[in-house]
Amino acid sequence: MKLYIPEQEIDVPDYPDHTDALDALSTQIVALGQQSAEQHTTELVRLAELATKADAAATAAQERYNEILARLGYIEAVIAELQPAPPHLFPLRGVRTWPWDDPAECDARLDCFEAAGVNVIYLACYYSGRAYYNIDLMPWRFDALGYVLPRAHDRGMKVSALLPVAMMGWPEHPEWNALPALREGGTENWLDFGNEAARAWICDVVDEILTHYAVDEILLDYIRGACKFVDGAIPADAVTATVASVADSLPADVTLAASVFAGRAWGIECASQPWYDWLEQGYLSYVTPMAYFEGVSDAAFWGQLTAAVNEWKGSGFFPARILPRLSVRRAQVLEHIDLCYGAGATGMTLWNDSDLCADAALVEALGGGAW
């Protein structure tokens, strides 16, 4: 007969004596149990070997991953060494100035800046038809740049030669004026960035400054269209061509920056100033967006500054290459500084030196670490 147990079929001889049959059955069951135990033990050993191999593979993978990370870190370090150092101090604490007329004014401003913790001076080198440095290309009044430069360096401050580009050149070359009002006897003026001779002249001015003065950088101010006077008078490609011409003319170790409108759309529509493109093309090391928002309430100002900061954060250039310029004429300027630093800013510029140095409490706060 046959006896069935789960998953096993056992032949049971037809013994007339049931005791013998049971003994035979017991013997077969014991044998099957031993065989099953041996198979189970073999499987456990195999699984243990697989687990050991898996652990070894995981350890090797982790070691390889760590090795890759180390190599990536080395590569990044090499790239960092090959790239030039950041062009500005971190955090940058700059002040945009008006022209200074004599040594006494220069010394007073330097004292003020040192007390306020300033480390970059954006020194205006031209105003109202006169240069404030010794130059052959146009009339000059007082060599403020030559006086300030070594004294600022002695105090640990960098000096950026600020050129209000749109205001320059036309007195000597009235044909370069982009605004018909002046040609017809009006009083307003704006350099025609579309004029190749005018662009070449600006490059000559920059070259002359760099030849005679050890400035730390050049900052292009008023590098925009004339929407304040005439909408669309100067196309954006002409302004861009001027920025590109100056950038191409500079030695590799000289930083070029620019003052720009705070918002991208506003800069393009009103000022023919596509400054995001200038950063993308590498013409500029950084920009100082003029977050003045004049003529609005304090609440509206806060909203506009917040919106501008949010736009900059999404640009891909903030914080290293977008450094806000704030107005000290706003009583809440310290709160505005906190807003920018809270967003991750690596520095900023204040406008202007006259109002800053007239506010002793603000100078003390800045010097005490407010920025």
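Every residue, every condition in (1) more than 25 Å from Ile234 (Cβ to Cβ); (2) outside the structural domain of Leu250 (by TED's automatic domain parsing); (3) out of contact with any His (no Cβ under 8 Å at 6 or more places or on another chain); (4) assigned to a helix (DSSP H, G or I), yes or no:
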| residue | (1), (2), (3), (4) |
| --- | --- |
| Gly282 | no, no, yes, no |
| Met290 | no, no, yes, no |
| Phe293 | no, no, yes, no |
| Phe318 | yes, no, yes, no |
| Leu326 | yes, no, no, no |
### Query
Of everything in the stretch 248-276 that's of a type in the set (Phe, Trp, Tyr) and modelled with pLDDT of 90 or more, which residue is nearest to Thr288 (Cα to Cα)?
Phe261
### Query
What tally of residues in the stretch 263-280 results from selecting those that are in a loop (DSSP other than H, G, I, E, B) and either in contact with a Phe, Trp or Tyr (Cβ under 7 Å, 6 or more places away or on another chain) or buried (at least 21 other Cβ atoms within 10 Å of the Cβ) (or both)?
2
### Query
If you go through the stretch 71-93 one residue at a time, do you hit one that is at pLDDT 70 or above and more than 30 Å from Gly146 (Cβ to Cβ)?
yes
### Task
Could you grab me the full set of residues in the stretch 89-131 that are of a type in the set (S, T, N, Q) and surrounded by 15 or more Cβ atoms within 10 Å (Cβ to Cβ)?
Thr97, Asn119
### Query
Which residue pairs have Cβ atoms under 6 Å apart, sit 6 or more places apart or on different chains, and have a first residue in the stretch 303-323 that is in contact (Cβ under 8 Å) with a residue 60 or more places away in the chain and a second that is not in a loop (DSSP other than H, G, I, E, B)?
Leu323/Leu92; Leu323/Tyr286; Leu323/Thr288; Leu323/Gly347; Leu323/Met348
#### Entry: Flag if Pro103 is closer than 15 Å to Ala214 by Cα and assigned by TED's automatic domain parsing to the domain that holds Trp201
no
### Query
Where residues in the stretch 295-343 are of a type in the set (Asp, Glu) and in contact with a helix residue (DSSP H, G or I) (Cβ under 9 Å, 6 or more places away or on another chain), which of them is surrounded by the most Cβ atoms within 10 Å (Cβ to Cβ)?
Glu311
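The values are calculated or read from the model by the stated rules, or taken from the named source; none is laboratory data. Only a predicted model underlies this, so the values are computations on that prediction, with no experimental measurement involved. Using ideal geometry, Cβ is built from the backbone for each residue, glycine included, and neighbour counts are taken over all protein chains shown.
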